[in-house]
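First comes the structure, then the notes that go with it.
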Amino acid sequence: MSGPPEPVWLVAANVVLWRRYGELGQELRPGTKAYRDGAKVYVVDTYPGTGHQQLTTVGHGRRTGRWITVDTGTRHLHTFRARLVYAPAVLKRCAGRGFGTREEAGEPAALLERVAREERHAHHGAPHPDGCRCHACLSVSPG
């Protein structure tokens, strides 16, 4: 019998509360198709050849609440950070792709945060609709 798997450092993020959708991004939708708005997900793989615009993530699914592994757009995530993961379901799905230290996980977290911000800004070429509640508009502090 083997004991519980060793914890690993991964990059964690949250799903945006609202995302722009549709023609020129004039509609708003909560979260993503796979994840609820605000859900915590773990990044288990990135695609550097596409500029990290897509990520493989593990998190609790929107409808079932079970752990799922899904490719999602970086622009739909925010607050990337290094986290030590103990959950066996996540450790099984990451298949040894974690980082050795917090500092090693912090570097890609900072890169992904920058990529996500740029992608949210550049993805829809049109101005935001009136009363927009997308992540970029909600993050702007009043005044």
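The values are calculated or read from the model by the stated rules, or taken from the named source; none is laboratory data. Here the structure is a predicted model, which means the values were calculated and not measured. Positions of Cβ are generated from backbone atoms using ideal geometry, with glycine treated the same way; all protein chains shown enter the neighbour counts. With ligands, DNA and RNA removed, areas are computed over all heavy atoms of the protein, side chains included. Shrake-Rupley method; radii C 1.70, N 1.55, O 1.52, S 1.80 Å.
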Boolean, Gly96 is farther than 25 Å from Arg29 by Cα, in a loop (DSSP other than H, G, I, E, B) and modelled with pLDDT under 95: yes
Residue under question is Asp71, and the condition is that it be assigned to a strand (DSSP E or B) and within 16 Å of Leu111 (Cβ to Cβ); does it hold? no
Which of the residues that make up segment 26-36 are on the phi < 0 side of the Ramachandran plot and open to solvent by less than 70 Å² (accessible area, probe 1.4 Å)? Leu28, Pro30, Thr32, Ala34, Tyr35
Quick one: how many residues across segment 45-65 are open to solvent by 80 Å² or more (accessible area, probe 1.4 Å) and either of a type in the set (Val, Ile, Thr) or assigned to a strand (DSSP E or B) (or both)? 2
